[in-house]
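The values are calculated or read from the model by the stated rules, or taken from the named source; none is laboratory data. Everything numeric here is computed off the predicted structure, so don't read it as measured data. Glycine gets a Cβ as well: all are built from the backbone with ideal geometry, and neighbour counts include every protein chain shown.
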Amino acid sequence: MAGDLLTARAVRKEFGGLVACSDVDFTVPQGGIVSLIGPNGAGKTTFFNMLTGVYTPTSGEVTFDGHEVVGLPPHAVTQLGVGRTFQNIRLFPTMTGLENVLVGMHARLKGGIFRSILRTPGLRREEREAADRARELLRYCGLPREAEHTYAMNLSYGDQRRLEVARALGTEPKLLLLDEPTAGMNPQESAEFTSFVGRMRDERGLSILMIEHDMKVVMGISERVTVLDHGEKIAEGTPGEIQKDERVIEAYLGSAATADNGDGGLLE
């Protein structure tokens, strides 16, 4: 792997007197698959939101692909090459699957007001090419052909999750942030999605950062795992190292669990 694509240094976020993230250092290697885990309320989604411009850190710096992103609005961070999905699905419910992906592609389209008013041949060609790419992304993400013309709200839960990924891929990201991507999936669906994450990295050259509660998914796909608890980074390492870390086991299972730390305790 060639260096780090994203670097966060001493990133801190305070909401009034509450410290949601406390001076967190974090990196995502180029081409890596990294997971961010921790109990509920650990500050994981807050951290995601600072990486994507939704929140501005109280202090610290975030650099992506050589660009400082602190202070940039979300659309500017997206244009740099950061795509994301959300813990709670945020599709446009009365848009079709195709239209949702086209919205994601908007940041990469060149048609301006002048071309849109005149409906120039160049604009019409760009729209046709965009629709073709959107259909390819729907198929790539495993959505049925009918999803192209189906309102997002009428798709199954699993297909809605996949549509969110297709929309994020439509932004042509270098780094894809997945927030609880397997939430609500059964074990077979989770296993299939785990394989899909690996394919996205290998076939599209992506770097991937996941927040995930399913430890089988985390341990099965991650090359490095970072653990937050009460906004602080308490551990970082390979999946094997994290499974055996007493601070991690205590954060998840309580201090009594550290006295009986069997193999794979976090997977049970």
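Key figures
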item: Condition met for E126 (farther than 16 Å from G32 by Cα, assigned to a helix (DSSP H, G or I) and modelled with pLDDT of 90 or more); result: no
item: Check on G111, at pLDDT below 90 and either touching an Asp or Glu at 6+ places or on another chain (Cβ under 9 Å) or not in a helix (DSSP H, G or I) (or both); result: yes
item: Qualifying residue in segment 24-38 (condition: surrounded by fewer than 22 Cβ atoms within 10 Å (Cβ to Cβ), acidic (D, E) and over 19 Å from the mean Cα position of the chain (by Cα)); result: no
item: Count - residues of segment 151-163 that are over 20 Å from the mean Cα position of the chain (by Cα) and surrounded by fewer than 17 Cβ atoms within 10 Å (Cβ to Cβ); result: 4
item: Residue identified as assigned to a helix (DSSP H, G or I), at pLDDT below 95 and surrounded by 15 or more Cβ atoms within 10 Å (Cβ to Cβ) among A191, A166; result: A191
item: Meets criteria (outside the structural domain of L36 (by TED's automatic domain parsing) and at pLDDT 95 or above) for R139; result: yes
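So that you can scan it fast, the table gives a plain yes or no per residue for (1) part of a helix (DSSP H, G or I); (2) free of Cβ contacts under 8 Å to residues at least 12 places away in the same chain; (3) under 18 Å from the mean Cα position of the chain (by Cα):
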residue	(1), (2), (3)
K13	no, no, no
S22	no, no, no
N40	no, yes, yes
V62	no, no, yes
